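Throughout, read-outs are computed from the coordinates displayed, never taken from laboratory work. Note that the coordinates shown come from a computational prediction; the quantities given were computed from them, not determined experimentally. Quick reminder, even Gly has a Cβ in these numbers, built from the backbone with ideal geometry, and neighbours come from all protein chains shown.
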Amino acid sequence: MKRIWLLIPLGLLLSACGGGSNKAATTAAPALQTVQISEKEFSIAPSTVSLTQTGTYSFKVTNNGQITHAFEINGQRTSDIPPGQSATLTVNLSKKGMYDAYCPIDGHRSKGMDAKIAVAAPGASQSTPTTTTTPTSSSPGY
């Protein structure tokens, strides 16, 4: 019986430590955006992608051609993409400006498989990327 009387104050003390908080909810990270890219002999579409802000983007690359291709941007690349297959490349485009994107396989770039990615350029519109995830919040939106 004495043990119960000793546990009650301890339980009250511990319950006070984990109470609710009036702190504002932290802001969720921006949604990862996906840019659709199509490759075929010997082009990349779209040939220019305009992004309104720096950040991390996923490029979903579909090989609509008859031979193997790949996709490279900012020193990172996909694995080889067989005809009819897709691959996703996630890249952090942390600086404003122009980036080169291209197919790094067997001189495909010199045959026309290159594109430009404009990040936060004046007048850039974000019509190409589509949002694939949406952050949610459990707090009321007043």
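Convex hull volume of the C-alpha atoms in region 32-95, normalised per residue: 76 Å³. In terms of surrounding Cβ atoms within a 10 Å radius of their Cβ, TYR99, TYR57 rank from fewest to most as TYR99, TYR57.
A simple spin-label model places pseudo-atoms 7 Å from Cα toward Cβ; at THR56 and THR90 they are separated by 0.5 nm. With a simple spin-label model that places each label point 7 Å from the Cα along the Cα-to-Cβ direction, the separation between GLN76 and ALA120 comes to 1.7 nm.
Taking the DSSP beta bridges with both ends in region 33-127, the antiparallel portion is around 65 percent.
In a reduced charge model with +1 at each Lys and Arg Cβ and -1 at each Asp and Glu Cβ, region 33-127 shows a dipole moment near 260 debye about its Cα centre.
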